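Worksheet for the structure shown next.
The values are calculated or read from the model by the stated rules, or taken from the named source; none is laboratory data. Small disclaimer: the values here were computed from a predicted structure and weren't measured. All Cβ positions, glycine included, derive from the backbone under ideal geometry; neighbour counts span all protein chains shown. Heads up: the accessible areas ignore ligands, DNA and RNA and are worked out on the full protein's heavy atoms, side chains in. Shrake-Rupley method; radii C 1.70, N 1.55, O 1.52, S 1.80 Å.
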Amino acid sequence: MANPLYDRLFGCHAGNTALFLHLQGGEALSYDAFLKLAARYAHAFRAAGLAPGDRLAVQVEKSPQALAVYAAAVQAGIVFLPLNTAYTGDELGYFVSDSGARVLLCDPARVGALQAVADASGAALLTLGPDGAGTLADAAEGQPETFETTPRDEGDLAAFLYTSGTTGRSKGAMLTQTNLLSNAEVLVDYWRFTGDDVLLHALPIFHTHGLFVATNVILLAGASMIFLPKFDTDAMIAHLPRATTMMGVPTFYTRLLDDPRLERALVGHMRLFISGSAPLLAETHVAFEARTGHRILERYGMTETNMNTSNPYEGERRAGTVGFPLPGVELRITDPETGAEKPRGEVGMIEVRGPNVFKGYWKMPEKTAEELRENGFFITGDLGQIDARGYVSIVGRAKDLIISGGYNIYPKEIELLLDDQPGVLESAVVGVPHPDFGETVVGFIVPEKGATPDLDAIAEAAAGSLARFKHPRRLIMLDALPRNTMGKVQKNVLRAEYGGLFAAG
Ligand code: MLC
Ligand code: AMP
């Protein structure tokens, strides 16, 4: 095939007038109309100088047009690089320059802040607003509604997704056509998606979950989505009766459970609820079943690997586990020190291998070599075990990572910023339990001798350079950080002592 990812996800729907996207206001978009829009964008991107293999950095609000940008990139062989809308100009500057993106597509409202970012990297700036207006629409105006699909091999890059690192520097995970396509194929089958499905889609489309899991599965199945701009409980309640499936992070489920309107009759049309990106508490699983009669299907994935494991569609969906390795995915538990495989039942590092596993980190061969073994196993940084029946559970993380509402936050990035503030000697950032976000960020600061750092000024500095979801929700001054005999900061001590800061009730 000329361009396997495009052909299987998009091209096969050419001329299909069936509905693809149902929008909040009641309008809808057919597959055919969507593909015509994407083709016009593909022409506009070529005219803007994007050649096959070039990176297109995109920070725009979720909309049908934003999704058409993804389709256009795949059709034109451009590497799609979606970015969280919460990222600040500072954060974006790094992604654009590191990726060497030739074009940055942003919201018209952010041109003031991002023109300098684009200029600094020699990238062209295009705009796309939530309503579809902007310089991209201007450039696409009058372009043909078909575009000759650029040939691509299965091993060619389709997307870059940046994931933060334990050193504080984000890494561009390079995903190939095969990585994305193989996973979507497995998931459609495993979760029994058909053209009749209607997915309630409230996730952002700049991460694996909302883009490569939810959207690719729907495209491959020829199904449709109720495409909401973001999670909003009222909108979810309003649309659930028309949907057959939903994918969400655990916060979606706890927020729905907090609403008395969630009851059996509301979800009578649903066949499947899926959760992932962060641990779903067993109590949420139990409460959801008691209220709705549905057992949430929990699965486990990562930016670098797409989906690795899933609870079964027909067998028992076990609360507190992430199910079995997906077909084609090998999963083993190893000793974190030696890399030797551990016997079943023991806790160790989760490693995965399969067509879903990424190609490596962009321009970081050493980082790639540290995490991706020569034999193809990727060292996930998650600690887990496999029980006698083969169910995988995640029991902890070897990586210093906080997951807040499904967004990953690497403490190191925040610590580097805190350490730089006037009067700060050192800092430690940990995640503590939070009733809405699962975990949230708390920063501990040790002042320099005789200094009294200004916590408000520090919070302001964080606001200026870090995305809102990374901001410490609490800054606490300590005389010293707890350390073990080796001098290593004991974050577990801080977590234990301050774990109740945001306790519910
Ligand atoms: C928003 N805020 C967050 C936040 N999301 N803070 C911490 N963590 C988050 N996840 C901020 C807002 O800016 C706001 O700031 C305040 O918190 C409250 O906002 P809100 O209106 O309550 O939040 P909301 O916009 O409703 O967003 C919450 C959310 C959203 C959970 C719905 O974060 C979300 O959609 N998360 C999904 C993330 C996701 O898709 N992850 C998949 C990654 S892929 P202020 O200024 O008002 O206080 C992956 C692989 C895999 O991990 O396995 O899937
Ligand atoms: P990301 O780097 O954003 O792709 O996040 C991937 C990480 O999210 C994984 O390494 C896990 O730590 C975590 N994760 C994803 N799904 C689950 C899950 N179902 N349960 C627990 N953690 C999960």
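Can you give the Rg to Rh ratio of the stretch 402-498, both from alpha-carbon atoms, with Rh computed by the Kirkwood formula?
So for the stretch 402-498, dividing Rg by the Kirkwood Rh gives 0.95.
When you count, for each residue, the other Cβ atoms within 10 Å and take the mean per peptide, how do 248-256, 82-90, 25-33, 45-53 rank with the highest first?
By packing density, highest mean first, the sequence is 248-256, 82-90, 45-53, 25-33.
Using label points projected 7 Å from each Cα along Cα→Cβ, tell me how many nm separate residue 452 and residue 189, to one decimal.
Here the modelled spin labels are 6.7 nm apart.
Lysines within cross-link reach of residue 488: Cα-Cα under 29 Å, excluding same-chain residues under 8 positions apart?
Hits, sequence-local ones excluded: 171, 342, 367, 399, 412, 449, 470.
Just to confirm, what accessible area per residue do you get for the stretch 4-152 at 1.4 Å probe, in whole Å²?
Value for the stretch 4-152: 35 Å² per residue.
How would you order 491-498, 414-421 from highest to lowest mean count of nearby Cβ atoms within 10 Å?
Highest-to-lowest ranking by the protection proxy: 414-421, 491-498.
Among DSSP beta bridges lying fully in the stretch 9-141, give the percent that are antiparallel, nearest 5.
If we restrict to bridges inside the stretch 9-141, about 20 percent are antiparallel.
Any idea what the dipole of the chain comes to, in debye rounded to 20, about its Cα centre with Lys/Arg Cβ at +1 and Asp/Glu Cβ at -1?
620 debye
Cα centroid distance between the stretch 211-289 and the stretch 141-169, in Å?
28 Å
Quick one: if the Förster radius is 30 Å, what FRET efficiency do residue 154 and residue 16 give, using the C-beta to C-beta distance and rounding to 0.05?
0.80
Using +1 at the C-beta of Lys and Arg and -1 at the C-beta of Asp and Glu, which of 163, 31, 322 has the Cα lying farthest in the positive direction of the dipole of the chain?
Of the options given, the answer is 322.
Ordering 95, 502 from largest to smallest accessible area (1.4 angstrom probe), what's the sequence?
Ranking 95, 502 by accessible area, largest first, yields 502, 95.
Can you tell me the FRET efficiency between residue 261 and residue 23 if r is taken as the Cβ-Cβ distance and R0 is 22 Å, rounded to the nearest 0.05?
Computed FRET efficiency for residue 261 and residue 23 comes out at 0.50.
May I ask for the net charge around residue 243, where only other residues with Cβ less than 13 Å from the Cβ of residue 243 are counted and Lys, Arg are +1 while Asp, Glu are -1? Write out the running numbers ahead of the final one.
Working: positive: 242, 271; negative: 196, 197.
Summing Lys/Arg as +1 and Asp/Glu as -1 gives 0.
Can you give the convex hull volume of the alpha carbon atoms of the chain per residue, in Å³? Write down the numbers at each step before the final one.
Numbers: hull volume 76.7 nm³, N = 505.
In the chain, the Cα hull volume divided by residue count equals 152 Å³.
Which ³J(HN,Hα) values, rounded to whole Hz and listed in residue order, are derived for the stretch 187-204 from phi using the Karplus coefficients 6.51, -1.76 and 1.60 in 6.51 cos²θ - 1.76 cosθ + 1.60 with θ = phi - 60°, glycine and proline given as x?
5, 4, 6, 5, 9, 6, 6, 9, x, 7, 6, 10, 8, 7, 10, 10, 7, x
When the Kirkwood hydrodynamic radius is evaluated over all pairs of different C-alpha atoms of the stretch 4-152, what value in angstrom, to one decimal, is obtained?
That comes to 15.4 Å for the stretch 4-152.
Where nothing but the Cβ of Lys and Arg (+1) and of Asp and Glu (-1) is charged, how large is the charge dipole of the stretch 72-166 around its Cα centre, in debye to the nearest 20?
That gives a dipole near 180 debye.
Provide the per-residue ³J(HN,Hα) series for the stretch 415-427, in order, calculated from phi with Karplus coefficients 6.51, -1.76, 1.60 and θ = phi - 60°, each as a whole number of Hz, with x at glycine and proline positions.
4, 4, 5, 4, 4, 7, 7, x, x, 9, 7, 7, 8
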